[in-house]
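Working notes, structure below.
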Amino acid sequence: MQKLNQSHPFAHAGALSLLALCCVLSGCDKGDANKDADRELSIKEGDARATGSACRQAGRALEDCYTLNPDAARASVFTGWKDMNDYMRENKIDDVKPVIEKPKPASTTSDSKDRSSRR
């Protein structure tokens, strides 16, 4: 078996590449956490854009959309609203008005009847 010449420039290349590989792989756990955070941020941004698009398609003003969706990122809501606005103008699409009625609040008279019958 022949010994490597220690003065050769590539004598330690294998050991150095192994050391570099270990250093790179030791940070893998941190990369997964960053990917999860980036994924969540991407999902929230996509949801806000979809919300803005839906508001514009329903004919709502941008300010109304902000008021109805306070937790959504405003910049993403605006981007979605603007994209849908441009799309609707280019394709001459009218607003789609909601047809489902809002649920009516329970009347206070039925509450008072329930309370008096319990006595």
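The values are calculated or read from the model by the stated rules, or taken from the named source; none is laboratory data. Not measured: the values here are computed from a predicted model. Glycine also receives a Cβ, built like all others from the backbone with ideal geometry; neighbour counts cover every protein chain displayed.
I need a count of the residues in the range 89-119 that are at pLDDT 80 or above and exposed (fewer than 10 other Cβ atoms within 10 Å of the Cβ).
Within the range 89-119, the first condition is being at pLDDT 80 or above, and the residues that meet it are 89-97.
Next cut, exposed (fewer than 10 other Cβ atoms within 10 Å of the Cβ) only: 89-92, 94, 97.
Adding up the residues that qualify gives 6.
How many residues, within the range 79-106, are part of a loop (DSSP other than H, G, I, E, B) and closer than 12 Å to C55 by Cα?
Of all residues in the range 79-106, those part of a loop (DSSP other than H, G, I, E, B) come to 91-106.
Subset that is closer than 12 Å to C55 by Cα: 95-98.
Residues meeting the conditions: 4.
Only one of these is over 30 Å from V99 (Cβ atoms), at pLDDT below 90 and surrounded by 10 or more Cβ atoms within 10 Å (Cβ to Cβ): A20, A33, A15, A75. Name it. Full working, then the answer.
On the way: A33 fails: surrounded by 10 or more Cβ atoms within 10 Å (Cβ to Cβ); A15 fails: surrounded by 10 or more Cβ atoms within 10 Å (Cβ to Cβ); A75 fails: at pLDDT below 90.
Going through A20, A33, A15, A75 in turn, the sole match is A20.
Are any of the residues in the range 36-45 at pLDDT 90 or above and outside any helix (DSSP H, G or I)?
No: the range 36-45 contains no residue that is at pLDDT 90 or above and outside any helix (DSSP H, G or I).
What are the residues in the range 51-78 that are in a helix (DSSP H, G or I) and among the hydrophobic types (A, V, I, L, M, F, W, C), if any? Explain how you work it out, then say what you get.
As a first pass, look at the range 51-78 and keep what is in a helix (DSSP H, G or I): 51-57, 62-68, 74-78.
Correct list: A54, C55, L62, C65, L68, A75, V77, F78.
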